[in-house]
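The values are calculated or read from the model by the stated rules, or taken from the named source; none is laboratory data. No experiment lies behind these values; they were computed from the predicted model shown. So basically every Cβ, Gly included, is an ideal-geometry build from the backbone, and we count neighbours across all protein chains shown. Calculation scope for accessible area: heavy atoms of the full protein, side chains included, ligands and nucleic acids excluded. Shrake-Rupley method; radii C 1.70, N 1.55, O 1.52, S 1.80 Å.
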Amino acid sequence: MKILARKTTYQTRAFDIQAVELETPDGRRRTYDLVDHRDSISIVPLDPQGRILFVRQFRLGCAGPLLELPAGVLENGEDPHSGAAREIREETGMAADEWMRLGEFYLAPGYANEKMTVFLARSLRPDALAADDDEFLELVALPAAEAYALARSGQIPDSKTLAALFLAEPFLKG
């Protein structure tokens, strides 16, 4: 596939929609819609007691609350580590002195270009930043074993949280 042209057809505060013209391997031209979204981060914050810090918040897509790892969209020009350091303070009130980049993935590559980078954060200490004014978060600290049991039993249906937990698991054992 070869991208021939892109045109923004709709803009929102959170993302744009682009019409993307592609040339297929057999030479045909097709136009697809793409959600153009800034990249994002997710954090697996591990406190000194071996608990993972989650947030519970209402999510429009599922019309209810979800238990999620702290996450957020990068500001324009912000690198993933800086974004993660900002988001953990905004969403949990904690900062981390030890960071490990675990990996990255695309959230929905069939129709969106948002790429998420995942970090493990340890050596947590209080250092809050004000939360975004449209976020109403409940902080939930779960022992790592309980968090993984909830994930495996289907009680954490958030895809980014599941992917981040999967990437962090080898570093939380032992």
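Highest-first packing order for the peptide set 96-103, 134-141 is 96-103, 134-141, based on the mean count of other beta carbon atoms within 10 Å. Note on segment 1-92: the C-alpha convex hull projects to 8.8 nm² when averaged across all orientations. Applying 0.36 nm per residue to the separation of GLU23 and ALA63 and subtracting their alpha-carbon distance, the gain on full extension is 10.6 nm. Bridgeable aspartates and glutamates around LYS7 (alpha carbons under 19 Å apart, same-chain partners fewer than 8 residues away excluded): ASP16, GLU21, GLU23, ASP33, ASP36, GLU114. A protection proxy built from the mean count of other Cβ atoms within 10 Å ranks the segments 117-125, 145-153, most packed first, as 117-125, 145-153.
For the peptides 52-59, 82-89, the ranking by packing is 82-89, 52-59, with the highest mean count of neighbouring Cβ atoms within 10 Å listed first.
Per-atom-type breakdown for segment 1-90 gives carbon and sulfur 49% of the accessible area (1.4 Å probe, protein chains only).
Result for the chain in a Gaussian network model with C-alpha springs under 10 Å: among PRO70, PRO157, PRO126, the largest mean-square fluctuation is at PRO126. For segment 1-122, the solvent-accessible area of protein heavy atoms averages 55 Å² per residue (probe radius 1.4 Å; ligands and nucleic acids excluded). Think of the chain as a dipole: +1 on every Lys or Arg Cβ, -1 on every Asp or Glu Cβ, centred on the Cα centre; then among ALA130, LEU150, GLN49, LEU150 lies furthest on the positive end.
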